[in-house]
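Structure first, commentary second.
Readers should treat all values here as calculations from the given coordinates under stated rules, not as data from a laboratory. Fair warning: this is a prediction, and the values are worked out from it, not measured in the lab. Because the Cβ atoms are built from the backbone with ideal geometry, glycine has one as well, and the counts that use them run over all protein chains shown.
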Amino acid sequence: MRRVPLAPERFDALDTPAQRERFSLPAEAAHYVRTVLRLAAGARIELFDGSGRLARATLITSAADEVIAEVEPPRVSERGESSVEWVLFQAIPKGDRWEWLLEKATELGVDAIVPLTTRRGVVQLSEDRFEKKRARWEKIIAGAARQCRRAKIPTLHSPLTPSRALSDHPCDTYLVAHLGEGMTGVQQALDQRASEGDAIARAGLWVGPEGGFEDAEVDAILNAGGTPITLGPRVLRAETAGITLLTLAQNALGEL
């Protein structure tokens, strides 16, 4: 069954039985059904709003001027979602690596992405420049969520400095990828947290630019309760490090 995104405000109309009997899909969703998926009348689809609401539907008509579906009552689903909320605090890598990271982090189950403006970062996006690209990046995230059949679409936040990110997006656990000597592994760090008896509800995963965080930036994260961790004996690119940390952390908690 193919999935079709629907804006939350349009999804609200599905609470009304009369609306569900002959629901006219909005232009963007209709274009996706008709032109991209090439579905005809009788096809089954699943509408989702990106916040966990799903509704199965059967196409009644799939014409050039209108796509109409008969929709079943909506339901809330956590399919494809983790019991832990994962927040990736990531310095923006160069070129198309950032878009690759957004897609793969979404597929792996990230809940929110906070781009970081760091002192050693090569990419320094102002808020205005970021906002000009936001629509494209959110479309990449939404497409990845649809493709991997997640119930929710991750949130892309505006870029922040590490200190501001700590105050604006607090978590109960922080792991920071660090190139220093004697760092513990992800599994050991999370096992230690579990041994202290504290359940992890919202975990922040920190990855700096190619040259790593400056000491003052690392200190700010550690002072907030963060744990410096190693990702192994090899130095990874920033985007590889982000995906690796997300994968290892989820695996350590049995969330993959």
Legend entry - Built amide H within the under 5 Å cut-off of R202, gap 5+: E85, D172, T173
Inset, instruction - Determine ³J(HN,Hα), in whole Hz, for all residues of the range 172-185 in sequence, where each value follows from phi through the Karplus function 6.51 cos²θ - 1.76 cosθ + 1.60 and θ = phi - 60°; x replaces Gly and Pro. - result: 8, 9, 10, 10, 10, 5, 9, 8, x, 7, x, 6, 7, x
Inset, instruction - Grab the other residues whose beta carbon is less than 13 angstrom from that of R97, score K and R as +1, D and E as -1, and report the net. - result: -2
Inset, instruction - Please give the net charge around R3, taking every other residue with its beta carbon less than 9 angstrom from that of R3, where Lys and Arg add +1 and Asp and Glu add -1. - result: +2
Inset, instruction - Considering only DSSP beta bridges where both residues belong to the chain, give the percentage that are antiparallel (nearest 5). - result: 35 percent
Inset, instruction - State the label only: which of (1) 20.6, 64; (2) 19.7, 57; (3) 16.6, 48 corresponds to Rg and Dmax of the Cα atoms in Å computed from the shown model? - result: (1)
Legend entry - For I229, residues with placed amide H under 5 Å, excluding near neighbours: V176, A177, H178
Legend entry - Net +/- balance of residues flanking P170 in space, Cβ distance below 13 Å, scoring K and R +1, D and E -1: -1
Inset, instruction - Rank these for me by crowding, M183, M1, going from fewest to most other beta carbons within 10 Å. - result: M1, M183
Inset, instruction - Label the range 2-76 by shape, choosing from rounded, prolate and oblate, from the square roots a ≥ b ≥ c of the eigenvalues of the Cα gyration tensor; if a/c is under 1.5 it is rounded, and otherwise prolate applies when a/b is larger than b/c, oblate when it is not. - result: prolate
Inset, instruction - Within 10 Å of each residue's Cβ, count the other Cβ atoms and sort E196, E21 from fewest upward. - result: E196, E21
Legend entry - For the range 178-236, projected area of the alpha-carbon convex hull averaged over all directions, nm²: 4.5 nm²
Inset, instruction - Quick one: compute the contact order of the range 85-252, relative version, from alpha carbon pairs under 8 angstrom and 6+ residues apart, as a percent. - result: 33 percent
Inset, instruction - Would you kindly state how much longer the chain becomes between A199 and L256 on full extension, computed as 0.36 nm times their sequence separation minus their alpha carbon distance, in nm to one decimal? - result: 18.8 nm
Inset, instruction - Once you've got the GNM for the chain with C-alpha springs shorter than 10 Å, pick whichever of T244, T173, T35 has the biggest mean-square fluctuation. - result: T35
Inset, instruction - Mind telling me which of A112, A145, A189 comes out most flexible in a GNM of the chain, alpha-carbon contacts under 10 Å? - result: A189
Inset, instruction - Would you count, across the chain, every pair of lysines whose alpha carbons are under 18 angstrom apart, provided the pair is eight or more residues apart or spans two chains? - result: 6
Inset, instruction - Would you mind calculating the gained length between E99 and S51 on full extension (0.36 nm times residue separation, minus the Cα-Cα distance), in nm to one decimal? - result: 15.1 nm
Legend entry - GNM top mover of G143, G225, G95 - the chain, alpha-carbon springs below 10 Å: G95
Inset, instruction - Would you kindly state how much longer the chain becomes between R2 and Q147 on full extension, computed as 0.36 nm times their sequence separation minus their alpha carbon distance, in nm to one decimal? - result: 51.3 nm
Inset, instruction - Note down the magnitude of the dipole of the range 113-241 about its Cα centre, charges +1 on Lys and Arg C-beta and -1 on Asp and Glu C-beta and zero elsewhere, to the nearest 20 debye. - result: 960 debye
Inset, instruction - Please give the FRET efficiency for T58 paired with T247, using the beta carbon to beta carbon distance and R0 = 35 Å, rounded to the nearest 0.05. - result: 0.40
